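> Here it is: the structure, laid out below.
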Number of protein chains: 2
Amino acid sequence: MYSVMIARYKYFPEVKTKGMSAAPRLVLFTSEHSHYSIKKAGAALGFGSENVVLLSTDERGRVIPADLEAKILDVKQKGYHPLFVNATAGSTVYGAFDPINEIADICEKYDMWLHVDGAWGGGLLMSRKHRHKFSGVERANSVTWNPHKMMGVPLQCSAILVREKGILAGCNSMCAGYLFQPDKQYDVSYDTGDKAIQCGRHVDIFKFWLMWKAKGTIGFEQHIDKCLDLSQYLYDKIRNRQGYEMVFQGVPQHTNVCFWYIPPSLRGLEHNSEEYREKLHKVAPKIKAMMMESGTTMVGYQPQGQKVNFFRMVVSNPAALQSDIDFLIDEIERLGHDL
Amino acid sequence: MYSVMIARYKYFPEVKTKGMSAAPRLVLFTSEHSHYSIKKAGAALGFGSENVVLLSTDERGRVIPADLEAKILDVKQKGYHPLFVNATAGSTVYGAFDPINEIADICEKYDMWLHVDGAWGGGLLMSRKHRHKFSGVERANSVTWNPHKMMGVPLQCSAILVREKGILAGCNSMCAGYLFQPDKQYDVSYDTGDKAIQCGRHVDIFKFWLMWKAKGTIGFEQHIDKCLDLSQYLYDKIRNRQGYEMVFQGVPQHTNVCFWYIPPSLRGLEHNSEEYREKLHKVAPKIKAMMMESGTTMVGYQPQGQKVNFFRMVVSNPAALQSDIDFLIDEIERLGHDL
């Protein structure tokens, strides 16, 4: 949300004082798989959610760059101004990484702000094995990263990194005389509060700093690699197992393993039939309810687009073991077998 | 900030989807003494800071209702739409309480949203002796209250109370399918997250709940009354004391005691002279710097409007004693005497 505001300031600084009517109709672009906060930012900051254009994705949930360019041209033809593209690095449901370099080429061509939402995927930057999924992130104007997700920092801890020096102050500072006195006896360049959007608040990033000091970069790398290894272990175990169907093919890019469990009673039905879809849609909620009632384990589910409810298993706790994954599979089968 | 967004939704719900261009130029009104967050909200949410109109105040820093009405009429004549009035209950510097009832009359007359910013003053609602300063708050459309200020709840803990049922959901909900599944096995009316502007976050209000359970309403009342008593003790001791001058006359409405200390070297100067103003402007910063260096005590200062730097002593810790106040006065005189 914040990054959209900064982008607006960058290209239309007069909006800060004169309001959104001082700018042409501004359009934001983001994946149909992206987090709902982008649409919410559109509504909250005065763009309007109709001016948040959703981009088509491939089978793995990654933005198709050609679709972005086509939609930019469409918007320009209508006389609107394409302002901002959000590239997701680790989408909420599929854990998909949009192709940042190809999106950055398009942003450069049309002079647009490129934001990378690494809220969920940011932790992979700690891993020499997985950080290539962020290739091109160095070209972004802004990046968000929530160490409270994959990194295990206690909720909440969010970082926003901005390329252009001074733009945060330009965008936010209000120079309140009762807070940011210039005549203090110390170097007031340490008074950085005026460049932030909030006033009094936690120093949440300290939690991350402390963990980093304690675990080190190597420790975080092991944490990340372990979680991705466990996800691949789950993927390898179920992708050809009877009663399982993967939501998308191939090794997941993040720890998100998305799958359906098909109880024996459904296995004989035609997969494209409405009856099959309706019945399958109810399986994951039922199994999750039984998991919660039995208190043994828990795994989330949701629909996505035309796809009926499926399980989304994510691993972010590096203390998890392969035996935990084995248990999860057994438990899903135990609870779901007779549905 | 949030309250301004809700007000916009109330009167112009189409802004949520179509953007600020779907509304006429919308104008916000707030005291020249109010917190800078109102102006910041104007900039961030697409109103523009020029559309935040500052209201004149009396000598005590309280909004003059006639000035509000005059400025509303002025805005209407220009063809703009007066949307929102912020009444401050406990201003940051003077601790002033705007006359809520008189402002509410005007808001009713012109069909405007009335917000009461009780961030700092809200604690006084716990005190039978002091809550009359909030008279009329029951007529507000929204109220903010930061228990992390006067109430002593660890930073951060902020509450927003809204009169109209359902408006938060209308304003904020985005119905993300991967978070707010309707087919959970429990009563999903407990899933209230979609009505808030943030996604993952602390349950900060729990800290306040726990303190309230432990101290009780009576305990909070004693806390508040003790702090206000101590402020009045300070006021009574310095208002006629040689070398002190009060920034405004009369017993402070909140715990804010605003005063200048005049070192002997300045006492013979003409008070309206530029020399006097320039010298006095430097006194509070110098004394505060010496306080910090000696490590004995600390009290904030700031200028306000045409008034040069003055001390603003606030009491929010009920464990403070009259002897602490006595020490503060002695210390100011010890450090400032030879300036």
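The values are calculated or read from the model by the stated rules, or taken from the named source; none is laboratory data. The structure displayed is predicted, hence computed values, not measured ones. Don't worry about glycine lacking a Cβ; one is built from the backbone with ideal geometry, like all the others, and counts go over all protein chains shown. Heads up: the accessible areas ignore ligands, DNA and RNA and are worked out on the full protein's heavy atoms, side chains in. Shrake-Rupley method; radii C 1.70, N 1.55, O 1.52, S 1.80 Å.
> Between the stretch B:1-64 and the stretch A:311-339, what's the alpha-carbon centroid distance in Å?
Value for the Cα centre distance between the two parts: 50 Å.
> Let me check against my output: what whole-number percent is the relative contact order of the stretch B:263-339, with C-alpha pairs under 8 Å and at least 6 apart?
On the way: 62 pairs, mean separation 27.8, N = 77.
Averaging sequence separation for qualifying contacts and normalising by length gives 36 percent for the stretch B:263-339.
> Mind checking which lysines have their Cα closer than 29 Å to the Cα of A:LYS76? Skip sequence neighbours fewer than 8 apart in that chain.
A:LYS10, A:LYS16, A:LYS18, A:LYS39, A:LYS40, A:LYS109, B:LYS16, B:LYS18
> What average count of beta carbons from other chains do you get within 10 Å of the Cβ of residues in A:18-30? Provide the component values of the computation, followed by the final result.
Values: counts 7, 15, 9, 11, 3, 4, 1, 3, 3, 1, 0, 0, 0.
Per residue, the number of nearby Cβ atoms from other chains is 4 on average.
> Could you give me the ³J(HN,Hα) list for the stretch B:114-120, computed from phi with Karplus coefficients 6.51, -1.76, 1.60 and θ = phi - 60°, whole Hz, x at Gly and Pro?
Couplings: 10, 10, 10, 8, x, 3, 8 Hz.
> Here's another thing I want to ask about it. Could you tally the net charge around B:ASP67, taking each other residue with its Cβ under 13 Å from the Cβ of B:ASP67, Lys/Arg +1 and Asp/Glu -1?
Here the count lands on -4.
> Note the buried accessible area between A and B here, summed over both chains, with a 1.4 Å probe, in Å² to the nearest 100.
That pair hides around 4600 Å² of surface in total.
> Okay, next question. Considering only B:ARG277, B:ARG201, B:ARG241, give the residue with the highest GNM mean-square fluctuation for chain B, with springs between Cα atoms whenever their separation is below 10 Å.
B:ARG201
> Would you mind counting up the charge near B:LEU335? Only other residues with Cβ under 13 Å from its Cβ, with Lys and Arg at +1 and Asp and Glu at -1.
Numbers: positive: B:LYS286, B:LYS288, B:ARG334; negative: B:GLU293, B:ASP330, B:GLU331, B:GLU333, B:ASP338.
Local charge sum for B:LEU335: -2.
> What is the antiparallel percent of DSSP beta bridges lying wholly in the stretch A:1-109, to the nearest 5?
That works out to approximately 20 percent antiparallel.
> Follow-up question, since we're still on this one. Okay, helix-only estimate at 222 nm for chain A: each DSSP H run of n ≥ 4 adds -39500 (n - 2.57), divide by all residues, round to 500 deg cm²/dmol; what do you get?
The per-residue figure over chain A is -11500 deg cm²/dmol.
> A follow-up question, please. Going toward the positive end of the dipole of chain A, with +1 on Lys and Arg Cβ and -1 on Asp and Glu Cβ, which of A:ASN317, A:PHE12, A:ALA87 do you reach last?
Result: A:PHE12, furthest along the dipole toward the positive end.
> Tell me the angle of helix B:65-77 to the major Cα principal axis of chain B, expressed in degrees between 0 and 90 and rounded to the nearest ten.
With rounding to tens, the tilt is 50 degrees.
> Round to the nearest 10 and report in Å² the accessible area of B:GLU138, as given by a 1.4 Å probe over the protein chains' heavy atoms.
110 Å²
> Now, a different point. Please report the antiparallel percentage of the DSSP beta bridges confined to the protein assembly as shown, to the nearest 5. Spell out each step's value before the answer.
Details: 32 of 66 bridges.
About 50 percent, rounded to the nearest 5.
> Treat each spin label as a single point 7 Å out from the Cα along the C-beta direction, and report the B:ARG201 to B:ASP338 distance in nm.
Calculated label separation equals 5.2 nm.
> Name the most mobile residue of B:GLN198, B:GLN156, B:GLN249, meaning the one with the largest mean-square fluctuation, in a Gaussian network model of chain B with Cα contacts below 10 Å.
Of the options given, B:GLN198 has the highest mean-square fluctuation.
> Just tell me how shielded A:45-55 is by partners: mean number of partner chain Cβ atoms within 10 Å of each residue's Cβ, no decimals.
Per residue, the average neighbour count from other chains is 5.
> Okay, moving on. Looking at chain A only, what percent of DSSP beta bridges run antiparallel? Nearest 5 please.
In chain A, approximately 50 percent of DSSP beta bridges are antiparallel ones.
> Working from Cα positions, state the angle (0 to 90°, nearest 10) between the long axis of helix B:274-294 and the longest principal axis of chain B.
Here the helix axis deviates by roughly 80 degrees.
> Just B:THR88, B:THR255, B:THR217 to compare: in a GNM of chain B, with alpha carbon springs under 10 Å, which one fluctuates most?
Ranking B:THR88, B:THR255, B:THR217 by mean-square fluctuation puts B:THR217 first.
> Heavy atoms only, 1.4 Å probe, whole protein assembly: order B:LYS40, B:LYS16 by accessible area, highest first.
Details: B:LYS40 10, B:LYS16 40 Å².
Most to least solvent-accessible, the answer reads B:LYS16, B:LYS40.
> Just by accessible area at a 1.4 angstrom probe, what is the order of B:ILE329, A:ILE205 from largest to smallest? If you can, show how the numbers build up before the last one.
On the way: B:ILE329 5, A:ILE205 80 Å².
The most accessible residue leads, giving A:ILE205, B:ILE329.
> Something else about it: To the nearest 10 degrees, how steeply does helix A:100-109 sit against the main Cα axis of chain A, on a 0 to 90 scale?
Tilt of helix A:100-109: around 40 degrees.
> Let me ask you something else. Please give the solvent-accessible surface of B:ARG62 in Å², to the nearest 10, using a probe radius of 1.4 Å with every protein chain present.
Estimated to the nearest 10 Å², B:ARG62 gives 70 Å².
> Give the distance, in whole Å, between the Cα centre of the stretch B:121-182 and the Cα centre of the stretch A:198-223.
Cα centres, the stretch B:121-182 to the stretch A:198-223: 31 Å.
> If contacts are Cα pairs under 8 angstrom and at least 6 residues apart, what is the relative contact order of the stretch A:1-119 in percent?
Taking the mean separation of contacting Cα pairs over the length of the stretch A:1-119, I get 26 percent.
> In what sequence, largest accessible area first, do A:MET151, A:MET298 appear using a 1.4 Å probe? Provide the component values of the computation, followed by the final result.
Values: A:MET151 0, A:MET298 115 Å².
Sorted by accessible area, descending: A:MET298, A:MET151.
> Tell me the accessible surface of B:TYR110 in square angstrom (1.4 angstrom probe, heavy atoms of protein chains only), to the nearest ten.
Surface accessible to solvent at B:TYR110 totals approximately 40 Å².
> Around B:GLN322, what is the net charge, scoring Lys/Arg as +1 and Asp/Glu as -1 over all other residues with Cβ under 14 Å from its Cβ?
Net charge in that neighbourhood comes out at -3.
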